[in-house]
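Report on the following structure.
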Amino acid sequence: MIPVYTSYLTPKDYGTLELLTLVSIVLSTVLALRMSSGMTRFYVKYKTMEERNRLVSTLLTFIIGLAIVSGIALSFNSSFFSRLVFESDIYSSFFIFIFITLSFELVNSVAFTYLRIIEKSLIFIIISIIQMVLGLSMNIFFIVVKEWGVQGILYSMVISNGVVCLILMAITFKRVKFSFHPGMLKPLIKFGLPLIPAGMLIFILNMGDRFLMNRLADLTVVGLYALGYKFGGLLSTFIGGPFLSIWAPKRVEIYENRANKDEIFVRVFKYFTFALALIGLAISVLIRDVLQIIAAPEYWQAYRVVPFIVLGYIFYNLYYFVDIGFYIKNKTYWYLIINAVAAVVNIGLNLLLIPRWGAMGAAVVTAISFAVCTFFAFLVSRRYYKINYDLLALIKLVVVIVLFYVAGVSFTTHNIFIDLSVKLVLIAGAPVTLYLIGYFDAKEVSYFSNFLQNRWRALRPRPSGAK
């Protein structure tokens with residue numbers, strides 16, 4: 001949608017939409033009580049399917065009631081939020097749409113988490129595609145045809161999330177049956193409560209800089225930064241988000257049931273880091289040329305913040321890998337402590353650098369803040385469960401990625417298609433170089449080779465009459 005947004009919305013409109021969305025995220029973090037995280041943690045603790053179904057049904061019923069009550073209450077106070085964020089009442093109607101969407105999203109988050117836990121990836125994908133197609137078509141209709149701007153996007157959000165909410169409720173209750181057992185909520189709330197302030201602090205680290213920019217700069221700067229941030233966030237869209245959504249419940253199972261868990265964690269970390277670094281390299285090297293193709297000229301300078309946002313998101317995703325020690329021991333208060341330290345660093349540096357460097361200052365602070373999270377999470381986690389990660393492989397990865405990044409951003413012929421072609425070749429050369437310098441060990445190379453051979457045999461046409 002970026003070509004449409006940048007053609008039909010001004011940077012100021014884009015900044016407005018960004019701040020509206022961020023308010024929804026803040027409220028979602030508080031209202032959801034981090035119940036989905038609790039369900040992920042405790043689902044495997046119940047041994048019978050009947051108990052597990054009761055847990056899901058109880059949680060979903062509770063969230064539906066909470067969503068209805070909170071949606072109504074927030075809508076009655078839309079003017080307050082408009083004045084708080086924009087210092088004006090003119091956006092009150094926009095906030096009503098945001099609050100309705102929020103109610104649907106609270107329910108959707110629980111149902112989607114349930115599908116991930118039971119590994120129903122096909123159903124998850126189908127519903128996600130329905131939501132995407134519906135959202136895209138509604139966006140195009142309201143923005144391009146009706147020319148309703150930001151209001152059209154909000155209409156689209158309400159419709160797409162509402163339809164998906166009905167589908168998810170029907171599927172989930174069909175599988176688990178309706179029941180409500182208040183006693184099951186207590187451990188979920190106990191587990192999730194420390195995560196609420198921790199989640200709020202993560203919000204400050206992720207998105208609080210937009211509110212500071214709105215005060216220290218203007219909505220146009222917010223819009224440009226938000227666009228660049230979206231591209232940096234693709235790292236989580238492509239790699240971090242899909243992986244961590246499965247990894248959260250899976251690593252508990254591995255820790256409790258696998259004798260070779262140490263080897264598994266080390267190897268998964270190595271390849272997760274490799275995937276993050278490679279996709280991050282591609283985004284950072286290609287972003288300037290991509291923006292010139294798909295975005296209006298007034299948005300092109302957004303490319304400057306992307307490499308720092310990418311670096312920040314590499315640390316952000318690794319944070320939720322190296323935290324394994326205190327996660328599996330249910331020491332969730334450490335998230336609050338770590339996030340609080342990083343948030344103080346974030347706010348202090350933003351107040352210092354945004355007035356001087358604008359969006360670039362905020363981007364640099366994002367990278368530093370998430371690096372602080374990952375570093376402290378690694379140190380704390382080792383107190384509960386010590387994992388000896390492959391440090392030499394990590395050093396090789398960092399050196400190669402940095403060298404290829406410098407080569408990629410330095411190359412230019414002022415012909416956008418030649419530049420893109422050469423940069424794609426450079427990106428492809430990074431894993432080849434890692435192979436040549438021994439990043440992949442013999443066991444990994446052998447496994448990957450056998451995997452390719454088996455896939456090749458499966459794809460080759462069989463001789464006539466062969467069984």
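The values are calculated or read from the model by the stated rules, or taken from the named source; none is laboratory data. Every value quoted in this text rests on a predicted model; they were computed, and no experiment measured them. With ideal geometry, Cβ positions are generated from the backbone for all residues, glycine too; neighbour counts draw on all protein chains shown. Just the protein is used for accessible areas: all its heavy atoms, side chains included, with ligands, DNA and RNA removed. Shrake-Rupley method; radii C 1.70, N 1.55, O 1.52, S 1.80 Å.
Observations on the model:
- Test for residue 213: is it in a helix (DSSP H, G or I), in contact (Cβ under 8 Å) with a residue 24 or more places away in the chain and buried (at least 22 other Cβ atoms within 10 Å of the Cβ): yes
- Among the residues of the stretch 170-220, those that are modelled with pLDDT of 80 or more, of a type in the set (Lys, Arg) and over 22 Å from residue 37 (Cβ atoms) comprise 174, 177, 210.
- Exclusive hit being farther than 30 Å from residue 423 by Cα, part of a helix (DSSP H, G or I) and of a type outside the set (Asp, Glu), set 311, 353, 318: 353
- Cβ-Cβ distances below 6 Å connect the following pairs, each with a first residue in the stretch 55-82 that is more than 24 Å from residue 180 (Cα to Cα), a second residue that is among the hydrophobic types (A, V, I, L, M, F, W, C) and surrounded by 13 or more Cβ atoms within 10 Å (Cβ to Cβ), and a separation of six or more residues or different chains: 74/99; 75/96; 75/99; 78/95; 78/96; 81/95; 82/95.
- Qualifying residue in the stretch 326-339 (condition: out of contact with any His (no Cβ under 8 Å at 6 or more places or on another chain) and within 30 Å of residue 6 (Cβ to Cβ)): no
- The residue that is nearest to the chain's Cα centre (by Cα), among those in the stretch 420-455 that are exposed (fewer than 11 other Cβ atoms within 10 Å of the Cβ), of a type in the set (A, V, I, L, M) and over 20 Å from residue 281 (Cα atoms), is 452.
- Just one of the listed residues (130, 153) is over 23 Å from residue 31 (Cβ atoms) and either open to solvent by less than 50 Å² (accessible area, probe 1.4 Å) or assigned to a helix (DSSP H, G or I) (or both), and it is 130.
- Among residues of the stretch 216-236, those that are outside any helix (DSSP H, G or I) and among the aromatic types (Phe, Trp, Tyr), counted: 0
Residue by residue, here is whether (1) open to solvent by 20 Å² or more (accessible area, probe 1.4 Å); (2) under 19 Å from the mean Cα position of the chain (by Cα); (3) among the basic types (Lys, Arg) holds:
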| residue | (1), (2), (3) |
| --- | --- |
| 260 | yes, no, no |
| 285 | no, no, no |
| 300 | yes, no, no |
| 303 | yes, no, no |
| 315 | yes, yes, no |
| 323 | no, yes, no |
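- Cβ-Cβ under 8 Å pairs, at least 6 apart or on other chains, the stretch 1-13 side assigned to a loop (DSSP other than H, G, I, E, B), far side of a type in the set (S, T, N, Q) and open to solvent by 30 Å² or more (accessible area, probe 1.4 Å): 10/220
- Residues (among the β-branched types (Val, Ile, Thr), open to solvent by 30 Å² or more (accessible area, probe 1.4 Å) and in a helix (DSSP H, G or I)) located in the stretch 42-93: 44, 61, 64, 68, 69, 72
- The set of residues from the stretch 325-351 being open to solvent by 60 Å² or more (accessible area, probe 1.4 Å) and closer than 18 Å to residue 364 by Cα comprises 341, 344, 347, 351.
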